[in-house]
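The structure appears right after this line, and notes come after that.
The values are calculated or read from the model by the stated rules, or taken from the named source; none is laboratory data. Predicted, not measured: the structure shown is a model, and the values here were computed from it. Here the Cβ positions follow ideal geometry from the backbone for every residue, glycine too, while neighbour counts run over all protein chains shown. Protein only, heavy atoms only, side chains kept; ligands, DNA and RNA dropped before computing areas. Shrake-Rupley method; radii C 1.70, N 1.55, O 1.52, S 1.80 Å.
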Amino acid sequence: MKIQIISLFPEMFAPVLETSMLWKAKDKGVVEYEYINLRTYGLGPRKTVDDTPYGGGDGMLLKPEPLFAAVEHAKIQDPEAFVYLMTPRGERLMQKRARELAQEGKGMIIICGRYEGYDERITTLVDRQVSIGDYVLTGGELPAMVLIDAVVRLIPGVLGGEKSAEIESFSHGDNLEFPQYTRPEDFRGMKVPEVLLSGNHAEIEKWRQAQSGSQKE
Ligand code: ADE
């Protein structure tokens, strides 16, 4: 899966995507990351990427021309890719959607919004607007990393054997994780729940189901 990220701060990504599981996915050849600096497509000698809003108002908006040029460049590299725009106005990212994207395996072109906003015309380029929650961050970079992490870990082959992904997708549906314990059995008086020591797999399964928070669709 080719993941192309369009951002004014592409240097934010390598420390996260080139570490741990996300790096392993790349090392195995399962994913490929490409960082596209929006500034490259800026206008004029100053490589301008933003401008004041029509109708007045505070702040600057990302201009359409550089974003269109950047997405067009990314589309040439991967014509089938889906285009995502990270925005607090988007559809809330859920585990179910992350799983669908991982299973589809289509390339991703991710636009990171910045500053006070963007010219609305860029949404005509976008297949899906994605929010990671009802709060406003300074830009789409952290949300893009969250989206990538949520999807890439579910791509078959990434978690090391299919086991973990299988456990999540089939045994526990869309339930969130249950609490887990490792040795020692008693740590500073905090004991591992009896049921987990019982060896009774049916009971353990029942307990885990009961402990998992169900996720709304
Ligand atoms: N950009 C700023 N805040 C965001 C959010 N909550 N989700 C996605 N993109 C964002």
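Taking the options K47, K26, name whichever one is buried (at least 16 other Cβ atoms within 10 Å of the Cβ) and of a type in the set (K, R).
Numbers: K47 fails: buried (at least 16 other Cβ atoms within 10 Å of the Cβ).
Of K47, K26, the one residue that is buried (at least 16 other Cβ atoms within 10 Å of the Cβ) and of a type in the set (K, R) is K26.
Identify, please: which residue in the stretch 82-106 is among the aliphatic types (A, V, I, L, M) and touching a helix residue (DSSP H, G or I) at 6+ places or on another chain (Cβ under 7 Å) and is, among those, most open to solvent (accessible area, probe 1.4 Å)?
Let us first name the residues in the stretch 82-106 that are among the aliphatic types (A, V, I, L, M), namely 83, 85-86, 93-94, 98, 101-102.
With touching a helix residue (DSSP H, G or I) at 6+ places or on another chain (Cβ under 7 Å) added as a condition, the list becomes 83, 85-86, 93, 98, 101-102.
Working: V83: 1, L85: 0, M86: 8, L93: 34, A98: 1, L101: 9, A102: 4 Å².
This residue is L93.
Tell me which residues, restricted to the stretch 139-156, are open to solvent by 10 Å² or more (accessible area, probe 1.4 Å) and more than 10 Å from the ligand (Cβ to nearest atom).
Selection gives M145, D149, A150, R153, L154, I155, P156.
Please count how many residues of the stretch 29-44 are touching a residue at least 40 places away in the same chain (Cβ under 8 Å) and either over 24 Å from E72 (Cβ atoms) or surrounded by fewer than 13 Cβ atoms within 10 Å (Cβ to Cβ) (or both).
Qualifying residue count, the stretch 29-44: 1.
For the stretch 113-134, how many residues meet the condition of being modelled with pLDDT of 95 or more and near the ligand (Cβ under 8 Å from one of its atoms)?
5
Please work out which residue is nearest to the ligand (Cβ to nearest atom), limiting yourself to the stretch 59-90 and to residues that are of a type in the set (F, W, Y) and without any contact (Cβ under 8 Å) to a residue 60 or more places away in the chain. Give the steps one after another, and end with the answer.
Our first condition is that a residue be of a type in the set (F, W, Y); within the stretch 59-90, this holds for 68, 82, 84.
Pick out the ones that are also without any contact (Cβ under 8 Å) to a residue 60 or more places away in the chain and you get 68, 82.
Numbers: F68: 20, F82: 16 Å.
By that ranking, first place goes to F82.
Specify which of the listed residues (V130, V136, V126) is surrounded by 13 or more Cβ atoms within 10 Å (Cβ to Cβ), among the aliphatic types (A, V, I, L, M) and more than 12 Å from the chain's Cα centre (by Cα).
Values: V130 fails: more than 12 Å from the chain's Cα centre (by Cα); V136 fails: surrounded by 13 or more Cβ atoms within 10 Å (Cβ to Cβ).
That would be V126, the only listed residue that is surrounded by 13 or more Cβ atoms within 10 Å (Cβ to Cβ), among the aliphatic types (A, V, I, L, M) and more than 12 Å from the chain's Cα centre (by Cα).
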